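This report refers to the structure that appears directly beneath it.
Just so it is clear, none of the values below were taken in a lab; they were calculated from the coordinates. Remember, predicted model here, so these are calculated numbers, not experimental data. Cβ coordinates were reconstructed from backbone atoms using ideal geometry, including for glycine residues, and neighbour counts include every protein chain displayed.
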Amino acid sequence: MKSAVRIGGWSAAAVLALPILYLFAALILGAIPANRSRQPPEADAVTIYLRTNGVHTWIVVPKVTADMDWRPYVPGKHLRDPRWGGASHVALGYGNRTFYLETPTWGDLTMKNAFLAMFGRGRSLMHADHIHNPSVEDWQRPLRISHAEYRKLAAHIARSFQRGADGRTIPVLGRGYTDSDMFYEAIGHYNAFYTCNSWTGEALRAAGIRTGLWTPLSQSIMWRLD
């Protein structure tokens, strides 16, 4: 009996310790920079933005530049109001399919969907929100990067989109939150160790931009922009 109680106690302690260890690892690895020798561009540069709602992050990129044209990936015809296709920028993010589609607001959050998103291996979606002339806000910070860095960043993001037999991205038509956004089928699986913010950090690291080694939290991304 005592052995069973002891085992149960150790099991409960281990379960309680997991979130603490997770947060500790996120803080430590988020503070250790990849690409630490990277220097900001001195002259001609591309301005992107990193955007957050406090939990989730997006990378905001210009819709069309000499380096990348996002219109074939996220065309206006997929939107509830196609006029948003003419917006100057698009915010691109990655997330769990079920969580994205069934949680349009935090009031729609359920324990089941939160658990499946964090501990399951659910399918993923890309989220594209068309915005015009993004402004600098506490929740939306600018980052100047070189054209070479932007080309690497764009290539990495583009590889996250799943393609159909025709080579085009696959929209989840009718499931955007507003007139200006749309979801697209994505490659990969979302879980506690590969979150929306992990995806953002991975994209920035792939471009050679100074970012934490592991960025599962939005704070792991945004604090470097303070």
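Overview of values
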{"read-out": "Student exercise, region 168-226 dipole from Lys, Arg, Asp, Glu Cβ charges, in Debye to nearest 20", "value": "180 debye"}
{"read-out": "For region 144-226: rounded, prolate or oblate by the Cα gyration tensor [a/c cutoff 1.5]", "value": "prolate"}
{"read-out": "Förster-model FRET efficiency, 41 Å R0, His189 and Glu42, C-beta, rounded to 0.05", "value": "0.55"}
{"read-out": "Distance between modelled label sites at Val55 and Gln162, nm, 7 Å Cα→Cβ extension", "value": "2.3 nm"}
{"read-out": "Pairwise FRET efficiency - Glu137 versus Leu27, Cβ, R0 = 30 Å, nearest 0.05", "value": "0.75"}
